[in-house]
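First up is the structure itself, then whatever we jot down about it.
The values are calculated or read from the model by the stated rules, or taken from the named source; none is laboratory data. All values derive from a computational prediction rather than experimental measurement. Note: ideal-geometry Cβ built from the backbone for every residue, glycine included; neighbour counts use all protein chains shown. Calculation scope for accessible area: heavy atoms of the full protein, side chains included, ligands and nucleic acids excluded. Shrake-Rupley method; radii C 1.70, N 1.55, O 1.52, S 1.80 Å.
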Amino acid sequence: MIKKKILAIVYRKKNNKEEILVLKQNATDKIHQAVGFYVITGAVEGNESSTDAVKREIKEETGVKNIINIQDLETVFEYKHPAEGDCLCQEYCFAVLVDDEVRHLSKEHTEYRWLSIEDFIETVYWYGDKSDLKKLLDKFI
């Protein structure tokens, strides 16, 4: 079985500089059981498009509504995760430009930060090589 997911790197332009959003995982979350700062991820539900899933996940996890642009980064990560059961996850990556503030956090998260590109690369938990993350960022910033 394959589970389709999205990964959204949410960013904004403030004072002529890009800032990227990270969310701190709630240590008491029994599903993910991880601690650290992450980007927004989530499952695509039913017949929902990937773009609609991106919009829904951003709204659910942060309350951010004013989305300016969603860019498909044409990158898909495949992995198996114990919290996802015995299925292959395919995570489609998007860059999302917003003009809004975080209005609330879902119970999955305890904190958020808007970071410079350099601080984002240093801070975010990334499963792969961070040089690959930099290449991904170069596609839109």
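Applying the criterion of being touching a helix residue (DSSP H, G or I) at 6+ places or on another chain (Cβ under 9 Å) and basic (Lys, Arg) to the residues of region 66-124, the residue that is farthest from residue 22 (Cα to Cα) is 103.
What's the number of the only condition in (1) open to solvent by 30 Å² or more (accessible area, probe 1.4 Å); (2) farther than 22 Å from residue 136 by Cβ that residue 51 fails to meet? Going through (1) open to solvent by 30 Å² or more (accessible area, probe 1.4 Å); (2) farther than 22 Å from residue 136 by Cβ one by one, residue 51 breaks only (2).
For region 25-48, taking the residues that are at pLDDT 95 or above and among the charged types (D, E, K, R), the one that is least open to solvent (accessible area, probe 1.4 Å) is identified as 48. Any residue at all in region 57-79 that is charged (D, E, K, R), open to solvent by 30 Å² or more (accessible area, probe 1.4 Å), touching a Leu at 6+ places or on another chain (Cβ under 9 Å) and modelled with pLDDT of 95 or more? The answer is no; no qualifying residue exists. Counting only strands (runs of 3 or more DSSP E) that sit wholly inside region 1-115, those with at least 1 residues that are in contact with a Lys or Arg (Cβ under 6 Å, 6 or more places away or on another chain) are 17-25, 40-43, 67-79, 88-98, 109-115. Would you confirm whether any residue within region 86-98 is touching a residue at least 40 places away in the same chain (Cβ under 8 Å), open to solvent by less than 60 Å² (accessible area, probe 1.4 Å), closer than 21 Å to residue 60 by Cβ and among the polar types (S, T, N, Q)? Checked region 86-98: at least one residue is touching a residue at least 40 places away in the same chain (Cβ under 8 Å), open to solvent by less than 60 Å² (accessible area, probe 1.4 Å), closer than 21 Å to residue 60 by Cβ and among the polar types (S, T, N, Q).
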